[in-house]
1. Kindly check whether there is at least one residue in the stretch 112-125 that is farther than 20 Å from Cys30 by Cβ, without any contact (Cβ under 8 Å) to a residue 40 or more places away in the chain and touching an Asp or Glu at 6+ places or on another chain (Cβ under 9 Å).
2. Can you name the condition, by its number, that Arg93 falls short on among (1) surrounded by fewer than 17 Cβ atoms within 10 Å (Cβ to Cβ); (2) assigned to a helix (DSSP H, G or I)?
3. Would you call Ser119 closer than 18 Å to Arg91 by Cα, of a type outside the set (Lys, Arg) and open to solvent by 40 Å² or more (accessible area, probe 1.4 Å)?
4. Select from the stretch 41-53 the residues that are open to solvent by 10 Å² or more (accessible area, probe 1.4 Å) and in a loop (DSSP other than H, G, I, E, B) and list them in ascending order.
5. Scan the stretch 102-154 for residues that are at pLDDT 95 or above, in a loop (DSSP other than H, G, I, E, B) and among the acidic types (Asp, Glu) and jot them down.
6. Does the stretch 60-83 hold any residues that are within 23 Å of Leu112 (Cα to Cα), of a type outside the set (Gly, Ala, Ser) and either without any contact (Cβ under 8 Å) to a residue 40 or more places away in the chain or not in a loop (DSSP other than H, G, I, E, B) (or both), and which are they?
7. Ala56 versus (1) in a loop (DSSP other than H, G, I, E, B); (2) farther than 29 Å from Leu163 by Cβ: which is the lone unmet condition?
8. For Glu33, only one of the following conditions fails: (1) open to solvent by 50 Å² or more (accessible area, probe 1.4 Å); (2) outside any helix (DSSP H, G or I); (3) at pLDDT below 95. What is its number?
Amino acid sequence: LLVALHMYGTNAERSAPFWRPAAGAGFVVCLPESTTVQADGLPCWDDDTAADRDVALGIEEALRTHELAGRPVVIAGASQGGVRAAEMALRGRPVAAGGYIGVVAGLADPDLIEGSAASASGRGLRAWLLTGEGDAARQAVETFHAQLTGHGIPCRLDVVKGLGHTFPRDFEDRLRAVLPSLV
């Protein structure tokens, strides 16, 4: 199961083209959408409680519909969705994911990493971080990479030349190549 969270200010439908290629690699793709909206009416992951609930409901439905109980789970996201997915991966809830993918998403909460990394490492969490050479979040992504690896969590970091705060054109190929290493 690949659970992928959308960026701030976008939605599951607009994020789907980036994540759906995982289905070709044998994954069921779950695209929860936040019920929290920003001032212009677009979804965001600002509310911790709502985010946990929205993602848990999406996972529950996917597990039930596709009979995936006991199968590996990768939780992923881009930008704010990637930060929220990182928090969930480290905490092991709403699902104890074995893999994490963060696209242009750095985690700025060192206390969470310090408090959760040992447990996440013990569960066998593995990660892939992708950022752009020109991404404003690049430094946070690189710092997060160093924190994860420093706590024994295997983590691949790709810095894409010429890329800003978005998905690279070859994301589908990159995603399919890395998924087997995260389950």
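1. Yes, the conditions are met somewhere in the stretch 112-125.
2. (2)
3. It is true that Ser119 is closer than 18 Å to Arg91 by Cα, of a type outside the set (Lys, Arg) and open to solvent by 40 Å² or more (accessible area, probe 1.4 Å).
4. Gly41, Leu42, Asp46, Asp47
5. If the condition is that a residue be at pLDDT 95 or above, in a loop (DSSP other than H, G, I, E, B) and among the acidic types (Asp, Glu), then Glu133, Asp135 are the ones that fit.
6. Val74, Ile75, Gln80, Val83
7. Failed condition: (1).
8. Unmet for Glu33, out of (1) open to solvent by 50 Å² or more (accessible area, probe 1.4 Å); (2) outside any helix (DSSP H, G or I); (3) at pLDDT below 95: (3).
The values are calculated or read from the model by the stated rules, or taken from the named source; none is laboratory data. Since this is a predicted model, take the numbers as computed values, not measurements. Heads up, the Cβs are rebuilt from the backbone with ideal geometry, glycines too, and the neighbour counts pull from every protein chain shown. Quick note on the areas: whole protein, heavy atoms, side chains included, nothing else; ligands and nucleic acids left out. Shrake-Rupley method; radii C 1.70, N 1.55, O 1.52, S 1.80 Å.
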